[in-house]
Amino acid sequence: MPLRDLSKEELYLPGSAACAGCGDGIALRIALKALGKDTIFTVPACCTSVIESSYPNTSFGIPVMNIAFAASAACASGIRAGLRRQGKETQVVVWAGDGATYDIGVASLSGAWERETDFLYICYNNQMYSNTGIQRSGATPFGAWTTTTWKGKEESEKDMIAIAMAHHLPYIATATIGYPEDLHRKVQKAKSIPGPKYIEILSPCPPGWRYDMSKTVEMSKLSIATGVWALLEVEEGNITFNGRSKAILEGKIKPKPVEDWLSGQGRFAHLFKPKRDEERIKKFEEIIDQKWQRHREGKL
Amino acid sequence: MREIFTTISRPVKGATEKTGQWRTFKPLLDKKKCTRCLRCWILCPDGAIQRNEDESVEINLEYCKGCGICANECPVKAIRMVREE
């Protein structure tokens, strides 16, 4: 869908408490244009709960239910049950960060998926607990600095898409803010499918990733170009790649060096200064290579 | 039905404050160069770029936080960032 056909209605209002250059703000605006006004959000503790701003004001033009970290998906199940009783078709959406999705909320999320609750779970992944001051999460990549991994994280992130696939969801997708048309299409598609859906949006964070705030979209596009993040959809267990990721998978374009992505972010600066850490840079590249090797075999 | 007492926030522009005062650099739009592709409009994290009826855009300096994403992403470089006085 060309940009001019996207809704003019703004359901995320200007003047919020988000940092300048926030990736989540872009994700929210695009997703809300696809979801429309007949939507209820459930937001656990995460950056978005801060972005809403404080009582008696909110920057959201739709109803938002703020809930404890671990309870977001359970809350969505309850909202859906209540709406069904009232005979309403309103979209129920959980908007949660990667900490609430990968770590703290995964138990209730697994439960809601197993109950086949008709809702859309959107995880905006900034690869750390940004809201509380940049701590390591299950989504933080290998080698990244956070305040709790100050020498660089030693482990790799977990594969949330594979966890979602294990629940046999009708629709799973990944997206990123640098490709607004693609993100809009995926949210719209998820909206049209009944049952539990999962979308993960890579959402770069200027204070957490340590890059200049004007480069949020550039960083997002670079994640795709280097192959660090892949644009994919899983429908009924079939994985399909789209956009630039499809071209990379089919070998039509060569991915940019992963080092470009690493060196652009201050959170990986210790891999380059004061001495180049050849071993860890190589290990990071291997992790990405292995991921694409699996993708070529039709796996995650 | 029993009435439920809870705190309900209402949607307003500038729920935090007039965030334009956070800015150190402000975007300047050259309307002659603008091709109305709307990339700046969709990629503004704060919705501070208004889209008019004729698909031209206008920057709302009352709420623009001055991140510079619009200037960085404009394909024809119609937006540049200048220091606030």
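Here are the numbers for this structure:
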quantity	calculated
Residues (farther than 16 Å from B:Ala48 by Cβ, facing chain B (nearest Cβ under 9 Å) and touching a residue at least 12 places away in the same chain (Cβ under 8 Å)) located in the stretch A:1-26	A:Pro2, A:Leu3, A:Leu6
Residue check, A:Thr140 of a type in the set (Val, Ile, Thr) and without any contact (Cβ under 8 Å) to a residue 24 or more places away in the chain	yes
One residue from A:Ile201, A:Ile224, A:Ile248 being buried (at least 16 other Cβ atoms within 10 Å of the Cβ), of a type outside the set (Lys, Arg) and in contact with an Asp or Glu (Cβ under 9 Å, 6 or more places away or on another chain)	A:Ile201
A:Tyr129 in contact with a helix residue (DSSP H, G or I) (Cβ under 9 Å, 6 or more places away or on another chain), in contact (Cβ under 8 Å) with a residue 40 or more places away in the chain and surrounded by 15 or more Cβ atoms within 10 Å (Cβ to Cβ)	no
Matching residues, the stretch A:31-42, being surrounded by fewer than 24 Cβ atoms within 10 Å (Cβ to Cβ) and of a type in the set (Val, Ile, Thr)	A:Thr39, A:Ile40
Lone qualifier among A:Thr42, A:Thr48 - being within 16 Å of the chain's Cα centre (by Cα), outside any helix (DSSP H, G or I) and within 25 Å of A:Asp182 (Cα to Cα)	A:Thr42
Residue match in the stretch B:73-82 (condition: within 9 Å of chain A (Cβ to nearest Cβ), out of contact with any Ser or Thr (no Cβ under 7 Å at 6 or more places or on another chain) and of a type in the set (A, V, I, L, M))	yes
Matching option when the condition is on the phi < 0 side of the Ramachandran plot, part of a loop (DSSP other than H, G, I, E, B) and under 21 Å from the mean Cα position of the chain (by Cα), among A:Ala96, A:Ala20, A:Ala74, A:Ala70	A:Ala20
Every pair of residues 6+ apart whose Cβ atoms lie under 6 Å, when the first sits in the stretch A:211-234 and is over 13 Å from A:Thr174 (Cα atoms) and within 10 Å of chain B (Cβ to nearest Cβ) while the second is assigned to a helix (DSSP H, G or I) and among the small types (Gly, Ala, Ser)	A:Thr216/A:Gly23
The stretch A:35-60, residues that are of a type in the set (Gly, Ala, Ser) and more than 7 Å from chain B (Cβ to nearest Cβ)	A:Gly36, A:Ala45, A:Ser49, A:Ser54
Residue ranges of helices (runs of 4 or more DSSP H) in the stretch A:122-228 with at least 1 members among the polar types (S, T, N, Q)	A:180-192, A:216-225
Residues satisfying the stated conditions in the stretch A:61-87, i.e. away from chain B (no Cβ under 11 Å) and not small (Gly, Ala, Ser)	A:Ile67, A:Phe69, A:Cys75, A:Ile79, A:Arg80, A:Leu83, A:Arg84, A:Arg85, A:Gln86
Conditions (1) buried (at least 20 other Cβ atoms within 10 Å of the Cβ); (2) at positive phi; number of the one not met by A:Gly243	(1)
The lone exception for A:Leu300 - which of (1) buried (at least 20 other Cβ atoms within 10 Å of the Cβ); (2) of a type outside the set (D, E, K, R); (3) within 17 Å of the chain's Cα centre (by Cα) it fails	(1)
Failed criterion for A:Leu32 (all others in (1) within 14 Å of chain B (Cβ to nearest Cβ); (2) in contact (Cβ under 8 Å) with a residue 24 or more places away in the chain; (3) out of contact with any Phe, Trp or Tyr (no Cβ under 6 Å at 6 or more places or on another chain) hold)	(3)
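Where a number appears in this text, it was derived from the coordinates with a stated rule and is not lab data. Computed from a prediction, not measured in an experiment: that's the story for all the values here. Don't worry about glycine lacking a Cβ; one is built from the backbone with ideal geometry, like all the others, and counts go over all protein chains shown.
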